[in-house]
Structures are given as structure tokens and as C-alpha cells.
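Here is the structure we will look at.
The values are calculated or read from the model by the stated rules, or taken from the named source; none is laboratory data. Computed from a prediction, not measured in an experiment: that's the story for all the values here. Positions of Cβ are backbone-derived with ideal geometry, glycine not excepted, and every protein chain shown enters the neighbour counts.
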Amino acid sequence: VLKTRMQPVANLFTRFPRMVRDLARQMGKQAEIHFQGQEVELDKSVLEQLSDPLTHLIRNSIDHGIELPDVRAAKGKPTAGRIVVAATAGDGQVHIKIKDDGRGLDPAAIRAKALSLGLKSEDELQKLSPKELASLILLPGFSTAAKVTDVSGRGVGMDVVKTNIERLEGSLNIDSEFGIGTTILLRVPLTLAIIPCLIVHVGRERIAIPQRAIEEIVCIYPGGDTLIESTHNAEYLRLRESLVSVARMNEVMARPKPFDESTRAEIVAAYAQQRQHMENLIQYLLVLNASGRRYGLLVDEVKGTEEVVVKPMHPSLKQVTIFSGATVMGDGKVALIASAEGIASHTGCSLPKDVPVLTSFRDPIEVHRVLLFEYGPAERFALPLIQIRRIEAVKRASVEYVGKQQFVNVAGISTRLVFLDELLSVSGCDLGEEFYLIIPKFVVEPMGIVASRIVDTDSMSIDLQEASVADPGILGTALIQGRLSIFLDVQFLRDKTFTYHLGETLQKKRMMSSPDDNEEIEANGSQKVAAHVLLIDDTPFFREIVRRYLESQGMTIVTAVDGIDGLKKCASENFDLIVSDIEMPNMNGWEFCSAVRKQGYEGPMIALTSLSKSENERQAKDCGFDTFEEKLDHDSLIKTVKRTLRSRRPRPTGSSQGVGR
Amino acid sequence: MINSNLQVCTFRSADQLFGVPVLDVKEITTETSYTAIPHAPHVVLGYVNIRGQIILALDLKRLMGRAESSSSEQRCMVIFKPTVGPLFGLVVDEICEIVSLRADQLEICQSSDPNGPNESRSKLVHRIAKLDGQLVVLLNSDMLLPFIETLA
């Protein structure tokens, strides 16, 4: 709505050239008018009310200001007078400057006139500054023109102009140099518009906040999942996937000095203590957008919305930046209108829009969803959801037998059943009429792990304990929902299940090997690769899995928990290959990669991630990674590792170690 | 004639009689319920709504650096004409009469006033008038707004 009300000042200016031409001709003068800033926009109603004062001022310029051509020539001025009307916009106001190069105001004439009207004594007049003297012409009945023309000089005029401008909540300023010209500066507000505001309470004060600045409102209450967190000198709210820094309106209002580090620290400390006592406090956080930067403003109460008539702040209160104006409310009281920009710069606490939650604000360990299930009565098993393709309910009757092996048809594929008690030393189970089949991801062969009961899924940070029983099929155990749960090594189960015919098919494939097949065989096969590998991952669970993957290929593994740890290990040892996770605390994979490349590491690097491949592949390459692999895709990972190592072989990494450093 | 006799509107604040030229005064009101303006100088009481116009209210007592009295007493506001400055008024304790002062009753106030406060504040007072045993401090109403702008 506001947009349509705004019109360029050009609409107003267009009528002036003709007026100037006509007037000049009438008086035998020469004048030209120039415009600047015609694109500056003003509210339509303001524009309309500006029309008369502007017309009057320009008329004055021609009549009183600009001299006759021969006088101008005698003074060395161009014969044609020049009037410049310039509009500029800034801080909610529009400035319009009307400048002419005429004779200017004659201080002596003004003094004489003031004296003759008995306005001031001679003493007083002597003390006035040129500016104050010039402002005398704004008084009613004050004209210094020697003769009255039908255009101007009748003494009604400047006072009317001033009143009109003041009615617009604007101001008028005269700057004149005798003999050189006069400049009149008009300041008018952009708009008299009515703007929709949200009315809030902070303590006992009522404040209006323009709705265009508000993105959303978050209610903060004890026990809610949106809570304010703090670092030593800043408070934040975690809002979905981004951080919003928090400014407390009561503190903003109480502190007239712009915030610095110590102010912020003081506030955080005060509220950290208070937080425990404020159990029942409900507050509202307004997420404000101040020209692209956003932050949250904490207020006590939200009262509702209202359309308010904006009045600018008093011109003598320039130091008040957190408010942009005031308005009269329905009850006759004045309410202040907050300035989103002003508060942002006062507190200095806004963040660019959409700052992602940084890893350092997270718990150091990634959170994963795991599936909990049972097979035998004694144990509980766990698998991360990321490792599972699907879960299928299976009827006992649909199981088919091929020798000792059992199969179930899942989506048209005969899927081999894997019974945990056959492969691991765990309790057995008499399956009921119906059971579940967990079909893992990243396994080429169709297989399904048999489960008697699906317990739950749970979000947790996988904090793996080394298995107390050294069972190769068990990655480790973790306490989940109060019970010890066993994390299975899917790769082991798969190898065990398919091991016997694998041997046979491998033989066959090798006989008629094509290069492509060869790779595949190597990935699955037992061909060992001797290499020293640095593995970086912050999650113990994934670290363990990937370590096993690689160790099974004959590589020696050194592990690190984050980028910083990795850099340290890189400095003290030489590696043939670095395999690194991306999302890690302290130093993530991207940063690590750039850093380690700078440190002089030239060997291959593989990024491991649970992120989607396509989005991050470019970034991986840019940072210096050779390739990019999905975390749990065993076959693909092994293949890539081997290919990467082989392609680097021509540059013998083993011997170059001595030369390189 | 204006030059010979000065009409002065007098008012009391903290037991001191003050005055401003009556021609500077637009109106006097008893409406003084104001909305405080955070970050504004101490001498600014706040905004007052006078028939839809928002007037900036200055506290004369705070302007003169006097201790604050209890706010229970009935206070008034002297609102100045736009020629003096845009939309502002002075909150005082009590309005007194309008007096006509002869030139010989006026004395120019020297800025080297011994117990005068700081330099910029002394600009607020430019003349003192003797009035049957009482002194009337004539305020320089033009200087009020420039003065608060100097207060950071």
C-alpha cells in the first residue's frame, strides 16, 4: 500500500520550468531551472502540500533573487540566472534544496526593516548571526523588496511557507550570502502515512514496533523447546536451523551508551543468574529484520497490532537512535516507535540473515537416529537408520528354503535371511508367525537381518563403548534407553553370509576378467593394499566402522577426532591417504582440508559424508579433496580408496616422504 | 511599545521565580502526563500529547540543576510558539502572573556568575529583573533546545 502512495518528486517539478519561463519573461529577466534527484519519492499527500511552498520559493528566487541581465553582466555573472532544485532522501526525510545565484539577502535591509517594524532593538540586531538575521524574513509582514510587485514582495509569503512546511512536520532553513545567492533547505518527512505496528510492553512502557520490520514472533516460556542460550558476551536463540542473537529491550532502553563488549558481558551475566529464578516468566522474542540483518528483540508482552500515525522524533533528540518516532495512542498517551535499525546498531548484536547453527554450538558428537530391535530374548540390537534401506514385515509362511538357506521374496527379489544367532554368539529365538526383516543399505547382495521385535527408534549421540566381548560382528555397545544395546557390523554379517559362494564366484570372475570387473573384485575381494591412512571422524561409531572397512583391506589406520587433531597427527606422521569426515566440531572437514594442503600434504584425500553427494562435490574439489564418498557405502568406499591409491602410485608416496620434507 | 515595556510570563520552580517573554508563549496547560523517552537527556521529561500534537516536555528544575522534588504537586507546562522552536514546552511547578517590566528593571546577566553552573547552562539565563523584593530570572527561550542538544 505504501508503495503506491509514494510518488517521485518529478511529478511536482514538471510544472516549474514553464512557470520560470513565464515569470522571467514578464520581468525582463533571464532564468533557467535545473532539477536534481527527480527520482526521489515522497508520499502523495506530502507532495501535494509541498506544491504551494515550492512554487512560492521559486517565484521569490526569480523576483527578489535573480537580477536583471545587465546588472548580472556588470557583476560578472552569466546573464541568465540559475535556479537549482535538488531533492535527496535520507533517514526518513527528504531534503529539498532551492538554490539560486541571485543577489541574496541584504543584511542591512533586513536590519533596517526589523528596526522600522520595532521587532528588535539595534543592539539585538547587531548580535544576530547572519542565519538568525535571515530567519527574520520568515516573520509575518516582513518584506525587504523595495517595491511591491504583483508576484511577490507583499510580505505575505515566507511566513505562510514556513507554516505550511511546519504543518508537514518539516523544517525550513535559509542560507544566504549577499550578492552571491540564496539557498533554502526544506526538510520534510517521507510520509505522513499510517503504518501498522505491533504494540508491545517492556516493563511499564508501551512501544510500537513497525510490522514491516518483524519477521516472526517466538514465545519463550519455561519448559518450551525454544530457550535462550548464551556465550560469555552474547545471547542467542536457536530458531530452527539458524541462530538469532538476542537483544533485551529493557536493557537497550536502560543503557543510553552504545553497547560494547563489557556491556554485553554484564547483561549476559545478569540474566544467567536470573534465569534460575524466573521459572514462570513468559516472554516474547520478536525476530526483526533491519536491512538484511536480523536479531531477536525480547519484550515482556505483546498487546496486538494497531495502525498508528507516525510523528518523527523531536529534532533536538538526535542522540535517541533506538526510536524512529512517536505516536498518539487511543488512550491519548504517547507511545514511542522503535527503530529496528537503531536498536541493531545500538546493541551491535545483529547477525547476517540465516547464519547456520555452527558446529561449535552443537554437542561435540553428532546426533543420529538409531533403530532398536530384538532377536533373541537376551539382547537388544541397534543399527543407525542411515544404514537401513527398509524394514519389512514377513509372514513365517512365506519363507522359502534352498538347502539350509532361507529366502523371502521382498519386492520381487529373493532376499537371504540372516539369523544373528548363527553368526554371532547371541541368544537364539523361536520366531513367531510374523517377524521383521531389516534390509541394510550399501550391501549389494540381497540380505535381511531377522528381528523378532522392533522396539523403537531413538535420537542419540552414538557414544560407543568397545565391545567387551571381542566378537568381530559387534562394533560395540551403548546404553540406550537404559539398556545395553549391541551395534552390529553389517559388513561382517554380509561377508559371513556370502563368504562361501563369494570364493567360488571370485575365481570364476578372475578367469574372464575385464578391467572394470577387476575393480569390483578388488573391492569385494581380499586383495590387500598396504597403505598408511589417517582417518578423521568425530563420531566414534562411524570411526569404528570405517576403520574396520579399511583395516580389512590390509591398511594401517591412525584415527583423529577432528580437524585440529588431524592436523597434529599429519605434522608428526606421513600418510598415503587421508579420509576425513566433513561435519565436525572445532575444525570441520573443509577447513581441515585447506589447512592440511597448506601444511604441505600432497597425497590423496577423500571426503566422507552423510550429506548428499551432488551438493557438496564442488566444494570438496575446491577445498582440495580428490573425491567425495558416502560414509557407509562399504563397496564404493573401498573401491574409491583403492583407485585413489593406485592413481597416486606413479608418484611413489612411500619414498617421496624423505624427499618431500 | 514593545521596546520600552517587556511583558513577561512568570512561573515558579523550586522556589525561584522565572520568566519568559509572553510573546514566546503559545499556551499553558496542566496536562503533564508524559511518556518517558529512554536515551534522551535527563532534562527531558518525555512526550506529552496536546490535542494530537506531540510536545517535548523539558523539566525546568532539572535544567537548572536543582534537586528533584516530590512529583505530587500539581505541575504546569508552558508551551512555546513554533518561532521559538518546534513543539516543546517547559514543565514548571506553578504559573504566576504576567508582569510588565520596564527597561530599568532589567539587568543583563553576566556569564561570569560566581555560583552559575557551567558555561553552556548560563546561556539559558540572559537577564534578571528586580520585582518588589523578588528576582525574576528571565530565560532565553531560544536557547533551551540548543542547550539540550549539547547534552549527550
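Test B:Ile55 against the stated conditions and say whether it is modelled with pLDDT under 80 and within 14 Å of chain A (Cβ to nearest Cβ).
In short, no.
Quick one: which residue in B:Val91, B:Val136 is at pLDDT 80 or above, in a strand (DSSP E or B), away from chain A (no Cβ under 14 Å) and under 21 Å from B:Gly46 (Cβ atoms)?
B:Val91
Quick one: which strands (runs of 3 or more DSSP E) lie wholly within the range B:16-59 and hold at least 3 residues that are in contact with an Asp or Glu (Cβ under 7 Å, 6 or more places away or on another chain) and either under 28 Å from A:Ile207 (Cα atoms) or of a type outside the set (A, V, I, L, M, F, W, C) (or both)?
Those strands (runs of 3 or more DSSP E) span B:44-50.
Going by the structure shown, is B:Val44 facing chain A (nearest Cβ under 10 Å), in contact with a Ser or Thr (Cβ under 9 Å, 6 or more places away or on another chain) and under 25 Å from B:His126 (Cβ atoms)?
Taking the combined requirement at face value, the residue satisfies it.
Here's the yes/no breakdown for (1) modelled with pLDDT of 80 or more; (2) more than 15 Å from A:Leu645 (Cβ to Cβ); (3) surrounded by 19 or more Cβ atoms within 10 Å (Cβ to Cβ):
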site	(1), (2), (3)
A:Arg510	no, yes, no
A:Pro515	no, yes, no
A:Asn524	no, yes, yes
A:Lys528	no, no, no
A:Pro540	no, yes, yes
A:Ile545	no, yes, yes
A:Val558	yes, yes, no
A:Phe592	yes, yes, yes
A:Ala595	yes, yes, no
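Does A:Val455 meet the test of being in contact with a strand residue (DSSP E or B) (Cβ under 6 Å, 6 or more places away or on another chain), at pLDDT 70 or above and surrounded by fewer than 19 Cβ atoms within 10 Å (Cβ to Cβ)?
yes
Give the residues of the range A:297-318 that are within 7 Å of chain B (Cβ to nearest Cβ) and of a type in the set (S, T, N, Q), sorted by residue number.
A:Ser316
Under 6 Å between Cβ atoms, which residue pairs at least 6 apart in sequence (or on different chains) link something in the range A:200-215 that is within 11 Å of A:Asp300 (Cβ to Cβ) and within 14 Å of chain B (Cβ to nearest Cβ) with a partner that is among the small types (Gly, Ala, Ser) and part of a strand (DSSP E or B)?
Every condition considered, the pairs that remain are A:Arg206/A:Ala335; A:Ile207/A:Ala338.
Checking A:Leu117 against (1) hydrophobic (A, V, I, L, M, F, W, C); (2) modelled with pLDDT under 85; (3) touching a helix residue (DSSP H, G or I) at 6+ places or on another chain (Cβ under 9 Å): exactly one of these is not met. Which one?
Evaluating A:Leu117 over (1) hydrophobic (A, V, I, L, M, F, W, C); (2) modelled with pLDDT under 85; (3) touching a helix residue (DSSP H, G or I) at 6+ places or on another chain (Cβ under 9 Å) leaves (3) as the failure.
For the range B:35-45, how many residues are surrounded by fewer than 22 Cβ atoms within 10 Å (Cβ to Cβ) and either modelled with pLDDT of 90 or more or more than 13 Å from the chain's Cα centre (by Cα) (or both)?
So the count comes out to 6.
If we keep just the residues of the range B:72-85 that are part of a loop (DSSP other than H, G, I, E, B) and touching a strand residue (DSSP E or B) at 6+ places or on another chain (Cβ under 7 Å), which is surrounded by the most Cβ atoms within 10 Å (Cβ to Cβ)?
B:Arg75
Of everything in the range A:319-333 that's surrounded by fewer than 16 Cβ atoms within 10 Å (Cβ to Cβ) and at the interface with chain B (Cβ under 7 Å from one of its Cβ atoms), which residue is nearest to A:His201 (Cα to Cα)?
Applying the filter and picking the extreme gives A:Lys333.
Could you go through the range A:15-23 and let me know if any residue there is in contact (Cβ under 8 Å) with a residue 40 or more places away in the chain, within 50 Å of the chain's Cα centre (by Cα) and part of a helix (DSSP H, G or I).
Yes, the range A:15-23 has at least one match.
Give the number of residues within the range A:442-451 that are at pLDDT below 85 and not β-branched (Val, Ile, Thr).
Summing the residues that are at pLDDT below 85 and not β-branched (Val, Ile, Thr) in the range A:442-451 gives 3.
Output the residue which, of all residues in the range A:413-428 that are within 15 Å of A:Pro377 (Cβ to Cβ) and touching a helix residue (DSSP H, G or I) at 6+ places or on another chain (Cβ under 7 Å), is surrounded by the most Cβ atoms within 10 Å (Cβ to Cβ).
Looking at residues that are within 15 Å of A:Pro377 (Cβ to Cβ) and touching a helix residue (DSSP H, G or I) at 6+ places or on another chain (Cβ under 7 Å), I get A:Val426.
Restricting to the range A:559-577, what's the tally of residues that are of a type outside the set (D, E, K, R) and in contact with a helix residue (DSSP H, G or I) (Cβ under 7 Å, 6 or more places away or on another chain)?
Qualifying residue count for the region: 8.
Does any residue of the range A:46-59 turn out to be basic (Lys, Arg), closer than 28 Å to A:Ser129 by Cβ and touching a His at 6+ places or on another chain (Cβ under 9 Å)?
The answer is no; no qualifying residue exists.
For the range A:338-351, enumerate the residues that are in a strand (DSSP E or B) and within 11 Å of chain B (Cβ to nearest Cβ).
A:Ala338 - this is the single residue of the range A:338-351 that is in a strand (DSSP E or B) and within 11 Å of chain B (Cβ to nearest Cβ).
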